[in-house]
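Following: one structure in structure tokens, then a few remarks.
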Amino acid sequence: MGAATLKRVCLQCSDEPGIASEAEAIIKRLAPAGLPFSVSVPPITMGEMERLREAGAEILTVPVDCADKKRFTSVKGRGLEEIMGSLRAAVEVFGRGKVGTHIIVGLGESEKEAVEMIDAVSKMGVVPSLFALTPIRGTRMENAASPPIGAYRRIQIARHLIVEAGMKASDFKFDPDGRIRGFGCSAEALERVFNLGYPFMVCGCPGCNRPYFNEKASGPFYNYPFRPDPKRVAEEAWSY
């Protein structure tokens, strides 16, 4: 692959001591290529964030992953406030819109909790990306189930309306189980979301081209690797 085809370098860092210094060294080594860098890290110090920025990192991501506050620590092995504090620090260092986070749907959260988490990080100036839980053999969640496609579609719609249209979690209507029953917008506006297509595709940093991040080529597609059929995603959004 020629260098001209590359648009961005994305570093996905494991949660271990010294990982920020390793990422900094990699960025400095690859900096002569002149490409923008995105770095996804566990909570690190503000000083480490500043060094990553000075080395050439353009976007910093600190994954929230779990939107269920009651299960957060057991899932992440860290407290929610530690993650949120790291995101606030990252926004201070990198600026609004230059910090991202990941939210994994299927970790026990209700749709309402997922929407509230999307709203909370968006208000901070953090851009959230959605992924579906993918059980992996040999991990402690290998017997967990991927989320219902309908729930995932509704959360994707909510993410688009919050991030792109400035809506708030309080604008949505939920049933007693926390399922989305109304999006707080007109039927015409909702139809435009379906017709756009990209709210249902993989989202990430500019130039992101990971079409099969948590899907099988045979489907189902949680994040479509292509612009989906509006009728199909509309049908999926109201399934359970």
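Below are the figures for this structure:
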read-out	value
Scattering curve values for the chain, log₁₀ I(q)/I(0), Debye with Cα scatterers, q = 0.12, 0.18 Å⁻¹	-0.71, -1.47
Gyration tensor (alpha-carbon) shape descriptor, segment 1-86, a/c threshold 1.5	prolate
By average C-beta atoms within 10 angstrom, highest first, the peptides 78-87, 107-116	107-116, 78-87
Cβ charges +1 (Lys, Arg) and -1 (Asp, Glu), total dipole of segment 104-237, debye	260
Evaluated at q = 0.18, 0.20 Å⁻¹: base-10 log I(q)/I(0), Debye formula over Cα of segment 104-237	-1.05, -1.30
Cα-based helix-to-principal-axis angle, 187-196 vs the chain, degrees rounded to 10	50
Residues of type lysines that residue 173 reaches as a straight line, Cα spacing below 27 Å, ignoring anything fewer than 8 places off in the same chain	69, 70, 112, 123, 231
Phi to ³J(HN,Hα) by Karplus 6.51 cos²θ - 1.76 cosθ + 1.60 over segment 58-66, Hz, x for Gly, Pro	9, 10, 10, 10, 10, x, 7, 6, 9
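Quick note: the coordinates plus some simple rules give every number you see, no bench work behind them. Because the structure is predicted, anything quoted here is derived from the model rather than measured. Backbone-built Cβ (ideal geometry, glycine too); neighbour counts: all protein chains shown.
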